[in-house]
Structures are given as structure tokens and as C-alpha cells.
Amino acid sequence: MKKFLCLFSWALLCCCCWITQAEIFTSIGQMTDLLYTEKELVHSLREYIKAEESKLAEIKSWAKKLDDQTRVSTSDPEGYLAHPVNAYKFMKRLNTEWSQLESLVLQNPSDGFISNMTAHRQYFPDNEDETGAAKALMRLQDTYRLDSEAFSKGKLPGMHSNAMLSVDDCFDMGKTAYNDADYYHAVLWLQQSLKQLDAGEEVVVSKADILDYLSYSVYQMGDLPRAIELTRRLVAIDPSHQRAGGNLRYFERLLIKQQNEEEKKPAQPASEEPIQLGTYTRPKDHLPEREIYEALCRGEGIKMTEAKRSRLFCRYHDGRRNPRLLLKPMKEEDEWDSPHIVRYLEALSDYEIEKIKELAKPRLARATVRDPKTGVLTTANYRVSKSAWLEEEDGPVIPRVNQRIQDITGLTVDTAELLQVANYGVGGQYEPHFDFSRRPFDSNLKVDGNRLATFLNYKDEPDAFKRLGTGNRVATFLNYMSDVEAGGATVFPDFGAVIRPKKGTAVFWYNLFKSGEGDYRTRHAACPVLVGSKWVSNKWIHERGQEFRRPCGLTEVD
């Protein structure tokens, strides 16, 4: 029975670990397959339980029978063995029946379950995935300003679910941040863990452990009075704690020194206000437009004014009398005037979307970016998704979609990159980036002061597409292959545009001016997916072959 409980606990732990992943298993499409794997494992587990119960019932039957026999035999051992039949049966029991019982006990009904687990285990997430999942939740918390308490109770904007985070879950979140020296998030989640523990939830982690991590994280955030108060609580709970006493003396000395340096100002008492978003300042990071980008993701700071909206129109688009679009022209809507961004309705049918997803699923791998220093493709924390590249030979739907993109844009796709399919999972995102390769800035380029600052704000990178021999990425054609319940918008921080995913539609914009210079206003981002699964496919169209399709302009920024 003990062995069964261990196996059951192990199976449950394995399943729980991978459900929340996001950093490596950044594809909802692949995780849905694992849900069916889990269902199969649950069925296998039930079969194992039945086998164990059957085995145990048979052993119980043996025990009852042998118990009755030994009760009779030991009441009068000599009289019992005096009867030749009893002597024979006794010999038979010891030689045969106990051997049979031994074989029964040694049978291992778990073999089938373990074999099944071993076969699937290679596809399960690992520690890196679990850590990535925790970071994804923190990313969502930051971007959409989600309170830890609301988050732990499953309260997300526009929805409420039964997906709760326990005290131990919150502690693990905080510990993940702590181990990454991310004390800002460590404080938020450890505080929530402590709050739920004090509310009476059943836990595995001890209160002393929570206070240990929390007090040091608060100290790292520069709040000495609160760090001292929390450490005192820890010492009161566990006077023999290995670090608490030393930390308390160290913190108190620091506070005295701090007060002396501030001309002996009266000591500030520890705040009794609960630690929430805004209690401490979130550290700055690598992204220059972090606040603008995240505000747009939340639907704040959008610069779509009524005056601008009046300059946007919708129309039927026949690709300059393209024969394939004459009978059924595309429905085209302006999303932005300058730079010009348009959306095409009914760009992909449901059938085409499902076929593309079917082709891409087995090939999905962690999406890469090009290192600006080396030009080499690598993974990065600011691009969290899985992607696959599809060739025309992969299925008839791919050349059909490529031809449609060429008909709509009027640009040749002969020199374009393969159709890229991406699936964003929990917290999946792509932070602000350029689709084109940045070249050294031309000091003679005539731009205003604000534009000049924008140009100089980003580093140049080597000609990332030189080996392709097709020039820079002149344009981007982005297909939305799913609706997204919350989050997942495409935003342009430079001019405040927000484009929300809508299944079957596509958006198109030019990355380069007609002169071939990069349009730095097209820096864009894919906001983290808060709820749902975001599927997109995109075609990056290159310069070569467009000479007569998009003639060069007369000025650098034409």
C-alpha cells in the first residue's frame, strides 16, 4: 500500500509540474496534446489500482484461509500432525502453497503503469519549464497590473475561474523569483503566501521558511524597518533558526548606521500596510519603452483620436485588377494612417487555418531571435512562443496562402521567407522589436528631433539577411489564426497603435521606406497572452524582386 501511495504521489506531482509551464512549453497547441496524454495516464493509473486491489483481495483471501488453518493446527500441534492427512496438507502448504503466495506477493502490477509513464516522461516539462511558468505569471502580473491576491484566487480581467494558487504555490512562485535575485516579485508572492497561511489554509511549507525568504527579500528592496519586524517574527517562532538571529543583528546595525548618517532622525516604524503592487518600485530593465508598451497592452495610452479615425477608411481591394481578386476582392480596412497599416478580412478560411496548424504542430520549437552583435539565431526571454516554418511542399494550402499574399500586396514572395507559424502559450509574448535589419545611421538623413532621438535610441546590427541575398525585410504580412480571450494584442509603442487579434484576418505594413531606409516607427510587440491561445502565421517579404513592384522614392523617408 505504501508503494502504491508513493507511485500515485509521483504521478500526481509529474502532472502538476507540467500543467503550468510556459517558458519552454510556450505553445498551447502542444500542451493540449499533453492533456490527452494525462488522460491516458489517468486511465493507466486506474488500471493499476484495479490490479493492486485484485492482488490485495487475493492476498487477504489467502491470509484468512491460512489464519483459520493455523488456529486449528496450533491449538493441538501434536494431535493435528498425528493425522496423516493433516501432515500431508501441512507439507504441501509449506512446499507449494506458500511458494504460490510468495509469487503472488512479488507480482508487480505497477509494471504496466511505470512503462507507460516512462514512455511519456520524455515529453514532460522539466524544472526549467516550471520556472518559466512562474516567470510567465509574473510577466502577466506586471503587464496587466494584477494583484497577487486576485491572481491567486483566479480573478483575471473579465473572467473568474476556480484555478486557485495555494499557500505552497505562492511560496514556490516567490522562491523562484528569489533564486533569480528578483526580490521585487519575491516579496509580492511570499507576502501572499504568508497572508493565505495566516488565513488558515493547510500547508506543507512552514511559516518560518516563508518569513526567512520574505524578510531577506524586503531587506533587498531597501525596507529595513519592515525587514527587522519580519525577522523578529521569525525569531519568535524559531529562536534557534540558523540565520534569523544573525540577520536581525545585522539589520539593526544597518538601521542605526542609517539613522546616524541622517542626522539622528527619529526611526521610522515598520509599515503595517500589506505589501501590494506599488508598495515598492519595480526595477528598471533592458526595455526603453517598457511603460508605454505595457500600458498599450492594457488598453491605456492609445492614440487613436477621432480626428485620426476620420482619416481611416474601408474598401474592396482587388490587387490592382489582379485576375484572382476581381470576382472576390479582399475587404480592406485602415488600422493606421502613417505608417499605413491595413487589415484584410477573411484572409484565411477556417479550413486553411486548421490545415496550417495541423502541419505546424509537430514542428513547433522554441522561437528564436537574431543576436544583434553576432547575427546568430538564439532564444531570448523577450520572445516567448513556439514557431515552425512551412514550405510549399508541405501541403497544398501553403502555396495557396503564399499566392494570396502576393496577390494582395502586389509584391513577389519568391524572395520572401518561408511561412512562419507561431503559437503563444501562457504569458507568451514578443517584446518591442524591429522586423527589419538596422543599418548604420546616416547623419545626413533629414528627420525631426523626435525622430532623430528614436533613430539613435537603438543599436545597429549587422546585415542579418546578407547570406540570403534577398535584401532587407521590406514588409510584414501577419495572419491571425485565432481569437484571444484576453491580451495578445499587437502594439506599436512609437505612435500608440493597438491591433487586436481577430481570427481569419491579416494585417500588413511596410518596414522600410521606399528609399530602403528602415521605418523606425514600425517597432512593434506581441503583448503577453493573458487568457487563451494565440496562433499567428506571418510572411516576411524581402527587397529583392520588388524593384518594379515598389519603385524607389525620391527622398530618404518617402
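Of note:
- Measuring between alpha carbons in the structure, the pairs from LYS39/LYS361; LYS155/LYS355; LYS153/LYS357; LYS153/LYS284; LYS155/LYS284; LYS331/LYS502 lying more than 23 angstrom apart are LYS155/LYS355; LYS153/LYS357; LYS153/LYS284; LYS155/LYS284.
- Magnitude of the charge dipole for the range 328-370, about its Cα centre and with charges confined to Cβ atoms of Lys, Arg (+1) and Asp, Glu (-1), is about 520 debye.
- TYR520, TYR213, ranked by accessible area, largest first (probe 1.4 Å): TYR213, TYR520
- Distance between the modelled labels on ASP168 and CYS552, one decimal in nanometres: 6.7 nm (7 Å Cα→Cβ projection).
- In nm, spacing of pseudo-spin labels at GLU97 and GLN258 (7 Å Cα→C-beta vector): 7.8
- Paramagnetic label zone (point 7 Å from Cα along Cα-to-C-beta, ARG500; backbone N under 15 Å) in the range 474-491: 482-491
- Size of charge dipole - the range 209-284 - debye, nearest 20, with Cβ of Lys, Arg +1 and Asp, Glu -1, no other charges: 200
- Ranking ALA244, MET221, SER271 by Cα position along the charge dipole of the range 220-304, where only Lys, Arg, Asp and Glu carry charges on their C-beta atoms, puts ALA244 farthest toward the positive end.
- Taking 0.36 nm per residue of separation and subtracting the Cα-Cα distance, full extension of the segment from ALA150 to THR305 would add 52.5 nm.
- For the range 98-189, the Cβ-based charge dipole about the Cα centre amounts to some 340 debye (Lys, Arg positive; Asp, Glu negative; other atoms uncharged).
- Computed with every protein chain present, the accessible area of HIS286 is close to 120 Å² [probe 1.4 Å].
The values are calculated or read from the model by the stated rules, or taken from the named source; none is laboratory data. These numbers come from a predicted model, not from an experiment. All Cβ positions, even for glycine, are placed from backbone atoms using ideal geometry, and neighbour counts span all protein chains on display. These area figures cover heavy atoms from the full protein model, side chains too; ligands, DNA and RNA do not enter into them. Shrake-Rupley method; radii C 1.70, N 1.55, O 1.52, S 1.80 Å.
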